[in-house]
Structure formats: C-alpha cells, structure tokens
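The values are calculated or read from the model by the stated rules, or taken from the named source; none is laboratory data. Here the structure is a predicted model, which is why all the values come from computation and not from measurement. All Cβ positions, glycine included, derive from the backbone under ideal geometry; neighbour counts span all protein chains shown. Accessible surface is based on the protein model in full, side chains and every heavy atom, while ligands, DNA and RNA are left aside. Shrake-Rupley method; radii C 1.70, N 1.55, O 1.52, S 1.80 Å.
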Amino acid sequence: MTERRYMRVRADMPPGHVRTPSYLRGKVGWVERTLGPFPNPEQLAYGRNATPLPLMRIRFSMAEVWGNATDAPDDTIDAEIYSHWLEPAEAPHAP
Amino acid sequence: MRKDTTFDGRRWHDMGGTAAGPVPTEQHDFALWEKRVDALMIIASGKGHFTVDGLRRVLEDMGEEAFETMTYYERWIASVNQNLIEAGVYTTAELAQRMSKVAARGPTYGEATCD
Amino acid sequence: MPHDHHDHMSPSGHPYRPDDDHPLTYWQQMEIAVRELLIEKGVTTAQEISAQIDAMDARNPAQGAAVVARAWTDPAFRADLLQDASAATREMGFDIGPMRLIALENTADEHNVVVCTLCSCYPRNLLGLPPDWYKSRAYRSRTVKEPRKVLAEFGVTLPDTTTVRVHDSTADMRYVVIPARPAGTEGWSADALAALVTRDSMIGTGLPKSPDTA
C-alpha cells in the first residue's frame, strides 16, 4: 500500500453556503483520490465567478470522527472536500 | 427575553451525525407540477441563469421551518424563483402580477395552468 | 374543503390527476407563473420543458441495473466502470448529461453506502429521482454515524468482517454502488442478472434479489 497522505479539515464555522459538513471539521483523514479542479461552490452560490479548486476525496475512520460513540471504529466515511478547507496533518493515531 | 448563547455556527441543513428517528418508508409519486419544477431548475441552471449551489444557498437560507413545513418541490420552486429574480430574468412585480393572473383563472391547478 | 378523489373517476372515465383537481396552492401558482415568464422571456419553451420531463421520466433504476449486470458479466467493462463510471455509462448509451459518476464495488470485505448529509445529491441522471427516504432527515443524519443500524432498518445485516464504507456526496461527484453478484447465478445472461438488481442495492441500503426469488 502506498503511504497515506493525511489532511485535517479546517475547523472554521462560517455562515453562508459551504459544502464542508460540520461533523468533519477539525477531523483528520487521508486522501482517497484527488479530483477536479472544480469551481468553488462558495462563490457559485452567490452568482460570482468561481475559482477552480482541487477537490479531494478524504477518507476518515469512524473512530476519528465519532470517537467512542461508534460501534464499528474501522468503518469509514468518504467525503469530497475542496482544497481550501484542508491542511496537511500527521496521522491521527498509530496506523 | 433569554438569549441563546449556545449556537456554534452549525447550520440546520448540515445534518450529518445528529440524532433522528427511524428512516421513513413512505413514498409518493411525483405530480406533474413537481416534475415541472424539476424541469425548470434543470433548464434554467443549464442555461447559466443560476447554479445548483445558488439553489442550495436559498434552500438553506429559507431555514429549518421551511424544511419541516413545505414539501421538497415547494421549497425548490421558492428557491428557483428567488434565484431567477436575483439573476434579473424577471422582476418581483412581473412575478406578482403573473401569480395573481394565474390564481384568477380558477381554483384548481388544472384550471389555472394554460396548456 | 379538499377531499380525496382517489376512488372517483372524472367525467371522462379516467382517475383524476391529484394535482389537477385539488385547490391551487400558493407554490403551484408560483410554478405556473415562473414557467410562463420563462417561456415569455425566451429562456425556454413548453416543448423543452416537456422534453426535459420525458427525459427525467426515462431515467430509472433499470438503467443502473443494466450497468451493474454488464459489470458482472464483462470484465473489461467492469474495469472501465471502476476507472471512469461517467465514460463507461455513456459508452453503454445512457444519457447522463454532465453528471460525474463514481462506481463503488461491494465485495465480501467491503460494503458501500451512499448518503448526502447536506442536501440530497443522488445519481439522478442514471437512476432517476431519489426515493423520499433518501431526502429524509433520519437518513441524512444517521447514515454517517450509525450506518449499520440504518442498514439493519433496511433489512441488511453485515458481518463484523465486512467494512462499511459510507460515502457523503458533498460536492461534484455522484455515486452508484455495484453490489456483489449473488451466488447461484453462474452462467446467467446480463438481462436475467439485471432483474436481480434493485434501486436500493445501488444506493447501498439493499442487496440484489436472491436468484431463488427472481
């Protein structure tokens, strides 16, 4: 398996139209694949010209997202996150 | 009046992980007027008058009460209309007068629609 | 007072269409007005609206079932589908418009399930419009946190050795699940296999029908 590239989702809580679910904000996952570039929906929503951004499918473990509140910690959640919401991160726990 | 100081910025439509009951199993067939709303959205956005993110933005800004009290395509036509007015496709006055004209044609959808 | 016409026939002998004989609602009034204004302004035509409705009506789970059955019977197509599902479904002749599709393959070790927590994104240009439950608060809220409990409500119970992979459709991609081919279907034609593929099995909340019940 190739080495996982970990990313942390920014924990910002702005108002307005964003496509980053709040349950993933502040969480660390790894890049499942990179897509795009796609126009930034935060600009499209207001009828503005939109900046093309890379879109990353990030895979999170249930344990990372929900802690002890999950009954299957190794199950995963994938979500598409625009690159301006992501920052490089260390692995959240020993692989 | 007591002010709520617990709001953390999470918006009502951002539902992932919140507690909820069993998944409902009822299903309804789409009525003609609902299919027309769907078609108007696809056509008007496909021609560049607004985007699916504009549709979602207005749906989100309509708030949770609209989600609970209006049907899916009722919310959609409200949002499609808002986006078209913002895009300058027609004015609020044009919409207002046309809606009154439509209502004057008859008390049912079949009578009020011209086709 | 509105009353239910389900048991009544119109004078022409046909059932009343529910949207035609109920009192006009404010939002229906708006739909008619918006439609007429868009036609008058030259944005669209009545014919274009009808054609769009027909195109949407023609999209249904049988299209997805044909894609799944071909993936089960044609290894080269399966590889193409997993590589680029939009291109592969277009190559089969399906009009999926501008939709960007990813195919997720279920195996003995992995079970995929699709949700949209922020709204109700769905591969509508392949499977048609989503079921009502897909748009419900309960499905949108719970699937990312307790997918196994949600799946159990749909009658799908998975062994602990199967990893559940939830996919939240947050942005530009749409997802179709390629369920695992049922045992006991060796030698079946793609057409016969397609009849086993349900809508829910392509969302991940169901499994294909058993060959015994088909």
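About the centre of its Cα atoms, region C:105-214 shows a dipole size close to 520 debye [charges on the beta carbon of Lys, Arg (+1) and Asp, Glu (-1) only; nearest 20 debye].
Restricting to DSSP loop positions (anything but H, G, I, E, B) with no more than 12 other Cβ atoms inside 10 Å of their own Cβ, which trypsin sites (Lys or Arg not before Pro) remain in region A:30-75?
Filter output for region A:30-75: A:R48.
The simple Förster model, with R0 at 35 Å and r as the Cβ-Cβ distance, assigns A:E3 and C:T107 a FRET efficiency of 0.90. Shown for chain C: cysteine residues without a partner Cβ closer than 4.7 Å, namely C:C119. Amide H to amide H, with H built 1.01 Å from N, C:E105 comes under 5 Å of C:I178, counting only residues 5 or more places away or on other chains.
For C:K149, the aspartates and glutamates whose Cα comes closer than 14 Å to its Cα, not counting residues fewer than 8 places off in the same chain, are A:D71, A:D75, C:D160. Near the amide H of C:E110, within less than 5 Å, lie the amide hydrogens of C:T163, all on another chain or at least 5 residues away, with H placed in the peptide plane. Estimated from the Cβ-Cβ distance and a Förster radius of 60 angstrom, the FRET efficiency linking A:M13 and C:E186 is about 0.65.
Roughly speaking, what is the centre-to-centre gap between region A:1-64 and region C:62-85 when only Cα atoms are used, to the nearest Å? Result: 29 Å between the Cα centres.
Within the listed set C:Q83, C:Q52, C:Q28, the Gaussian network model of chain C (springs between alpha-carbon atoms below 10 Å) gives the highest mean-square fluctuation for C:Q28.
Considering only C:P147, C:W133, C:H111, the residue lying farthest towards the positive end of the dipole of region C:59-203 is C:W133, judged by Cα position with unit charges set on Cβ.
With semi-axes defined as the square roots of five times the eigenvalues of the C-alpha gyration tensor, the equivalent ellipsoid of chain B measures 30, 19, 16 Å, largest first. By the rule of a C-alpha distance below 22 Å, with chain neighbours fewer than 8 residues away ignored, the lysines paired with C:K41 are B:K35, B:K47, B:K101. Applying the Karplus relation 6.51 cos²θ - 1.76 cosθ + 1.60 with θ = phi - 60° to region B:86-96 yields 3J(HN,Hα) values of 4, 7, x, 5, 8, 9, 4, 5, 4, 5, 4 Hz, where x marks Gly and Pro.
Note on A:74-86: average number of Cβ atoms from other chains within 10 Å of each residue's Cβ is 6.
Using a simple charge model, +1 on the beta-carbon of Lys and Arg, -1 on the beta-carbon of Asp and Glu, nothing else, what dipole does chain C show about its Cα centre, in debye to the nearest 20?
It comes to approximately 620 debye.
Selection among A:P39, C:A183, C:G97 by position relative to the dipole of the protein assembly as shown gives A:P39 as farthest towards the positive end (Cβ unit charges, Cα centre).
Nearest 5 is fine: what % of DSSP beta bridges in chain C come out antiparallel, could you say? The antiparallel fraction comes to roughly 10 percent.
A Gaussian network model of chain C, with springs between Cα atoms under 10 Å, assigns the largest mean-square fluctuation among C:G64, C:G204, C:G97 to C:G97. Solvent-accessible area of chain C (1.4 angstrom probe, protein heavy atoms only): carbon and sulfur portion equals 54 percent. Give me the net charge of B:Q82's neighbourhood, meaning all other residues with Cβ under 11 Å from the Cβ of B:Q82; Lys, Arg count +1, Asp, Glu -1. Here the count lands on 0. Each of the GluC sites (Glu not before Pro) that DSSP puts in a loop and that has at most 12 other Cβ atoms within 10 Å breaks chain A; the longest unbroken stretch is A:4-89. The Rg/Rh ratio of region C:155-203, with both radii computed over alpha carbons and Rh defined as the Kirkwood radius, is 1.03.
Placing +1 on the Cβ of every Lys and Arg and -1 on the Cβ of every Asp and Glu, with no other charges, gives the protein assembly as shown a dipole of roughly 960 debye about its Cα centre. Top mean-square fluctuation among A:V28, A:V18, A:V65, Gaussian network model of chain A, C-alpha springs under 10 Å? Answer for the Gaussian network model of chain A: A:V18.
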